[in-house]
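The values are calculated or read from the model by the stated rules, or taken from the named source; none is laboratory data. The structure displayed is predicted, hence computed values, not measured ones. We place every Cβ from the backbone using ideal geometry, glycine too, and count neighbours over all the protein chains shown. These accessible areas exclude ligands, DNA and RNA; they are computed on the full protein's heavy atoms, side chains included. Shrake-Rupley method; radii C 1.70, N 1.55, O 1.52, S 1.80 Å.
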Amino acid sequence: MSRAAVRYAKAMLSLAKEQNAADAVFAEMQQINATIAESGDLRGLISSPLITDSIKKSSLEAVFAAAGSITKGLFRTLVSNKRVSKLQDVALSYISLYEQDKGTQVAKVTTAVPLNDTLESAILTKVKELTGKDATLEVTVDESILGGFVLRVGDLQYNASIASQLASLKQSFYDNSFVSKL
């Protein structure tokens, strides 16, 4: 995240708390992040230097018509400051700051197959044990890891995937065969 995105997010969180709207703005920031992540057209619109600021602002207000006054104010501010391309970064920063403020965090788990409820519960328990904080789980299924899982919580990463173990094994074979030839 850029420093500018974090500054905008901090200002928004402060304003949202003052107006008792932090939860609503959190939901809107999650929606903005998901929508921008899924829509290449929207990413192109907000980052294009060829599209006028007024079109960017009206487009964002149309796409996120249900957004509250704080979020619409963010659109206006970002457009007028020529920072609208940072909208997704601001949304992600707000989400992170909000979760820190609430004492929760997001644990991102990548698995080869969908998790069942028992495994999800075990992972959440382990995350709380490791970090001392509750977490929400964001699960991604990626068959390329073959099996096992990759867990990311903040700056921590634990890779227990089969693909990682195979790559490590391959490297050790390479290292051993290279060393034995010397």
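Structure summary
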quantity: Mean separation of Cα contacts under 8 Å (6+ apart) over length of the chain, as relative contact order %; calculated: 20
quantity: Cα shape, region 1-49, gyration tensor, a/c 1.5 rule; calculated: oblate
quantity: Listed residue (T77, A34, L115) projecting farthest to the positive dipole end of region 26-146, Cβ model; calculated: T77
quantity: Crossing angle, helix 53-63 versus the chain [Cα axis fit, 0-90 degrees, rounded to tens]; calculated: 70
quantity: Gain upon complete extension [S80, V106; 0.36 nm per residue less C-alpha separation]; calculated: 6.2 nm
quantity: Region 1-106, relative contact order in percent, only Cα pairs under 8 angstrom and at least six apart counted; calculated: 46
quantity: Fluctuation leader among V106, V127, V139 - the chain, Gaussian network, Cα springs under 10 angstrom; calculated: V139
quantity: Loop-located trypsin sites (Lys or Arg not before Pro) in region 92-168, at most 14 other Cβ atoms within 10 Å (DSSP); calculated: none
quantity: Amide N proximity, region 1-37 versus D53 label position 7 Å along Cα-to-Cβ, cut-off under 20 Å; calculated: 4-9, 12
quantity: Gain upon complete extension [N20, S168; 0.36 nm per residue less C-alpha separation]; calculated: 48.3 nm
quantity: Residue-averaged 222 nm ellipticity for the chain, from DSSP H runs of 4+ at -39500 (n - 2.57), nearest 500; calculated: -20500 deg cm²/dmol
quantity: Accessible surface of the chain [probe 1.4 Å, protein heavy atoms]: carbon and sulfur percent; calculated: 54
quantity: Rounded tilt (10° steps) of 162-180 against the dominant C-alpha axis of the chain; calculated: 50
quantity: Global geometry of region 7-116, whether rounded, prolate or oblate, following the gyration tensor of its Cα atoms and the 1.5 cut on a/c; calculated: oblate
quantity: Distance between region 1-25 and region 85-104 - C-alpha centres, whole angstrom; calculated: 8
quantity: Cα gyration tensor category, rounded, prolate or oblate, for region 27-68 with a/c compared to 1.5; calculated: oblate
quantity: Dipole axis of region 62-182 (+1 Lys, Arg; -1 Asp, Glu on Cβ), positive-most option in A67, Q100, V141; calculated: A67
quantity: Student exercise, the chain dipole from Lys, Arg, Asp, Glu Cβ charges, in Debye to nearest 20; calculated: 760
